[in-house]
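Have a look at the structure below, then the notes.
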Amino acid sequence: MFSRKAGRGTTPKAANTPKTTPGAPGVSADGGDGGYNAGIAVFSYIVGGIVVWSLIGWGLDNLWGTRWIVLAGALLGAAGGFYLSHMHGLTSSRTSAGEDNAARGPSKDEEQ
């Protein structure tokens, strides 16, 4: 008499969970680096950092009457862009199953 029907008032969990993508651009959902997309993401991080910090340095140079802060800003932007791409996992060395791993040294199972 007071039985609950299986489908009444409940929704499947898959419908309630939003689909999310990884936080770093260029990283595919399966954890791969995305190849070309990861390269473009690294390039845009580094170039974007150089442009933004060079403009900040140029503004400080004009404000303070110096000429070297724009160069320091460009170097800081390049380092910051590389740091961001490294922290997002875009610059890690990953190999696929078919590649030769000789450059990485001997495997752990060969040590005795």
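Which order do Val47, Val52, Val42 take by accessible area at a 1.4 Å probe, largest first? Let's see the in-between values first.
Details: Val47 60, Val52 80, Val42 30 Å².
These residues rank, largest area first, as Val52, Val47, Val42.
In what sequence, largest accessible area first, do Tyr45, Tyr83 appear using a 1.4 Å probe?
Working: Tyr45 50, Tyr83 135 Å².
Descending accessible area places them as Tyr83, Tyr45.
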Worksheet entry | Label-point separation in nm, Phe43 to Trp64, each point 7 Å along Cα→Cβ | 3.4
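The values are calculated or read from the model by the stated rules, or taken from the named source; none is laboratory data. These numbers come from a predicted model, not from an experiment. A quick note on method: Cβ atoms are made from the backbone with ideal geometry, for glycine too, and the neighbour counts reach across all protein chains shown. Just so you know, the surface numbers come from the protein's heavy atoms only, side chains and all, with ligands and any DNA or RNA stripped out. Shrake-Rupley method; radii C 1.70, N 1.55, O 1.52, S 1.80 Å.
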